[in-house]
Amino acid sequence: DCNIDGIEVDYEWHNNNWGKIGIIIPELSNRYSHFLKNLKIALGKNKIVSADISGWGVYIFGIYPWVNVTMLNNGDFDFVNTMSYYWSKEGSLYRWQKDIELIKKWGMNPKRVNIGVPYFSMNKTHQPSWKTLSKNCPNININNNSCNNVLFIGKKMNEKIGNLIKKNGFGGVFPWAANYDSIENNNSLIEWLYKGLKN
């Protein structure tokens, strides 16, 4: 009724012992996928239903997918977003590559998967957004992934991630969150991500 495009569901399975370490048994992922399918039916074909999932880097025991892969590939719900929230001072894409390998191993149609990129940082007890952090590092060098000793996904690293996503045929990118980006001091990260997706 309010003309909203759809619903994104972020259910991280922390309410059961196995879920805490990322092992989601098929019975649970099937039940979850049927919920997503029913949600899609209730909202109608013109509304999007997506789910956030973790991969290798967050939960190294990614034995089973968080959703029913056949139902995802059949379009019973629209897509999944990986919570690929990693940082690397050296600009390594290793963890994103491992998530991509896991998604392929699970048999997910890459066109129905958006790869995550964090636009927040981990700084001991809090998670500053790039919008907040970037004020301390105006016009930061494109190869730098650290601002005042706080790691973030730098400009060149964003470009490389975008290129990796395009090269592997994924549906898109899932920046968490787009409004965490900076539009000041020549420090936009999304511009660099877009460059990578275009090239």
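The values are calculated or read from the model by the stated rules, or taken from the named source; none is laboratory data. Note that the coordinates shown come from a computational prediction; the quantities given were computed from them, not determined experimentally. Methodologically, a virtual Cβ is constructed for each residue, glycine included, from the backbone with ideal geometry; neighbour enumeration extends over all protein chains shown. The protein model used for the area step is the full one, side chains on, heavy atoms only, and it has no ligands, DNA or RNA in it. Shrake-Rupley method; radii C 1.70, N 1.55, O 1.52, S 1.80 Å.
Observations on the structure shown:
- The residues packed around Lys40, meaning those with a beta-carbon under 14 Å from its beta-carbon, carry a net charge of 0 if Lys and Arg are +1 and Asp and Glu are -1.
- Accessible area of the range 56-199 belonging to carbon and sulfur atoms, whole % at 1.4 Å probe: 49 percent
- Projecting label points 7 angstrom from Cα along Cα→Cβ for Ser92 and Ile4 puts them 4.0 nm apart.
- Over the C-alpha trace of the chain, radius of gyration and Dmax come out as 17.4, 50 angstrom.
- Each residue of the range 110-179 gets 88 Å³ once the volume of the Cα convex hull is shared out per residue.
- For the chain, the per residue solvent-accessible surface stands at 54 Å², with DNA, RNA and ligands left out and a 1.4 Å probe.
- Mean residue ellipticity at 222 nm, helices only, the chain: -9500 deg cm²/dmol; runs of at least 4 DSSP H residues each add -39,500 (n - 2.57), and the sum is divided by the number of residues.
- Principal semi-axes in Å for the range 72-151 [√(5λ), Cα gyration tensor, largest first]: 31, 14, 11
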